[in-house]
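Nothing in this text is a laboratory measurement; each read-out follows from the coordinates by a stated rule. Small disclaimer: the values here were computed from a predicted structure and weren't measured. Don't worry about glycine lacking a Cβ; one is built from the backbone with ideal geometry, like all the others, and counts go over all protein chains shown.
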Amino acid sequence: MTTIVSVGSGKGGVGKSVMAANLAMLLARHGKRVVLADLDIGGADAHILFGILRPPLTLTDFVERRVERLEDVLQPVSAHPFLHLIPGTGDTLATANLPYAKKKRLIRHFRQLQADVIIVDIGAGTSYHALDFFLMADHYLTVATPDPTSVLDLYRFIKLAAIRRVLSAFLSRDAVSEALSDRDFCSIEEVIQAVGDTDPNARETASRTLQGFQPHLIVNRVSGKSRVNVLQLKKLLKEYVGGDLMMLGEIPDDQAMTRAVRSYLPVVEFEPTAPASLALEKAAQTLLSIITSPAPVLSENPLPPEQAA
């Protein structure tokens, strides 16, 4: 059974794509058939991290139906036979403003890919594209740096993802969906209150939907003088979002990471004994244990109504 892991962030420049690429490589080393999919619509660059400067096919070819199957876009990564890449789209208006129907088709085909693990590198920010691609996963991974603006943007990202998840749960409930679709919410409590006002029986559904939303966090570029107060962040998210935040790993600020990117290689391949590589290996092992652990069966989240996309 394929497991999808989405990797998102509240802002760009935190090393999200680098984290995704290295984790994909490490899971492949652990014997998993891994697909790294670059869904940073309009700003894809994951292929650069593997030295694939001009991929023969990209996600654009699938979106524009130049190929019919998502498998046709798979690009082998020479560093490991178990790892394949789906290069992202180019920076075009057609792909950066992906229509709802094409987005829905893309998500459907992702769920049909034959792999053990699909790691989906999501574009930074809180656009509907980013949130919907983030929420299509079985497990959610967020990336931030100790920078205060990064932490604030991470909080906003997780909050809006949680709101989007709750709204998605009521796609098939006409009365609730109609009441919620035209409103702009600032907090989870507002959403649950509106749900309860429309249909008292639906409030329990909203609360249950949030129980399955447990994002994990990797903090990148950690040094002795710059650390994230994870306990405080977890408290904020629990109080205002209702979800739990679980720490997956802390990656030290390491110049080996910069040297690896400039050499078009994941750092775990370029310098396996570097502090960043060792921390990433530990994070990968934790992620692998999460993926392989039995989990309760949750109802599939549909995309929100088209007018919200």
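Obtain the nm distance between the two label points defined at ASP45 and GLN112 by a simple spin-label model: each point lies 7 Å from its Cα along the Cα-to-C-beta direction.
The modelled label-to-label distance comes out at 3.3 nm.
Please name whichever of GLN112, LEU57, SER263 sits farthest to the positive end of the charge dipole of the chain, dipole taken about the Cα centre and charges placed at Cβ: Lys and Arg +1, Asp and Glu -1.
Value: SER263.
Does anyone have the angle between helix 230-240 and the longest principal axis of the chain? Alpha-carbon axes, 0 to 90°, nearest 10?
Once rounded, one gets 30 degrees.
Give me a comma-separated list of calculated 3J(HN,Hα) values for region 120-133, in order, Karplus coefficients 6.51, -1.76, 1.60 applied at θ = phi - 60°, integers in Hz, x for any Gly or Pro.
9, 8, 8, x, 5, x, 10, 5, 4, 4, 4, 5, 5, 5
Pick from ILE86, ILE192, ILE122: which residue has the top mean-square fluctuation in a GNM of the chain where Cα pairs under 10 Å get a spring?
Residue with maximal mean-square fluctuation among ILE86, ILE192, ILE122: ILE192.
Distance cut-off 31 Å, Cα to Cα: go down the list LYS16/LYS235; LYS234/LYS282; LYS104/LYS282; LYS102/LYS235 and report the pairs above it. Display every interim value, and only then the final one.
Numbers: LYS16/LYS235 24 Å; LYS234/LYS282 21 Å; LYS104/LYS282 35 Å; LYS102/LYS235 38 Å.
The answer is LYS104/LYS282; LYS102/LYS235.
Which of VAL151, VAL117, VAL261 ends up with the largest GNM mean-square fluctuation for the chain, with Cα atoms connected below 10 Å?
Among VAL151, VAL117, VAL261, the largest GNM mean-square fluctuation belongs to VAL261.
Quick one: longest stretch of the chain between exposed loop GluC sites (Glu not before Pro), exposed meaning at most 11 other C-beta atoms within 10 Å and loop per DSSP?
Numbers: sites that count: GLU68, GLU300.
Answer - 69-299.
LYS32: which aspartates and glutamates have alpha carbons under 13 Å from its alpha carbon, excluding same-chain residues fewer than 8 sequence positions away?
List returned: ASP116.
Based on the Cβ-Cβ distance from GLN211 to THR258, what FRET efficiency comes out when R0 is 45 Å, to the nearest 0.05?
On the way: r = 40 Å, r/R0 = 0.89.
The formula returns an efficiency of 0.65 here.
What angle do you read, to the nearest 10 degrees and between 0 and 90, between the alpha-carbon axis of helix 202-211 and the longest principal axis of the chain?
For 202-211 against the chain, the angle is about 20 degrees.
Could you state the angle between the C-alpha long axis of helix 100-110 and the longest principal axis of the C-alpha atoms of the chain, as a value from 0 to 90 degrees rounded to the nearest 10?
60
Count the DSSP beta bridges whose two residues both fall in the chain, then state the antiparallel fraction as a percent rounded to the nearest 5.
Details: 3 of 31 bridges.
Just about 10 percent of them are antiparallel.
In a Gaussian network model over the chain where Cα atoms closer than 10 Å are linked, find which of ASN22, ASN201, ASN220 has the largest mean-square fluctuation.
ASN201
To the nearest 20 debye, what is the magnitude of the charge dipole of region 3-308 about its Cα centre, counting +1 on the Cβ of each Lys and Arg and -1 on the Cβ of each Asp and Glu? Intermediate values should be presented prior to the final figure.
Values: 32 positive and 34 negative charges, 89 e Å.
Taking the Cα centre of region 3-308 as origin, the dipole is about 420 debye.
Cross-link partners among lysines for LYS238, C-alpha distance below 20 Å, same-chain residues fewer than 8 apart left out?
Within the straight-line limit of under 20 Å, LYS238 reaches these lysines: LYS159.
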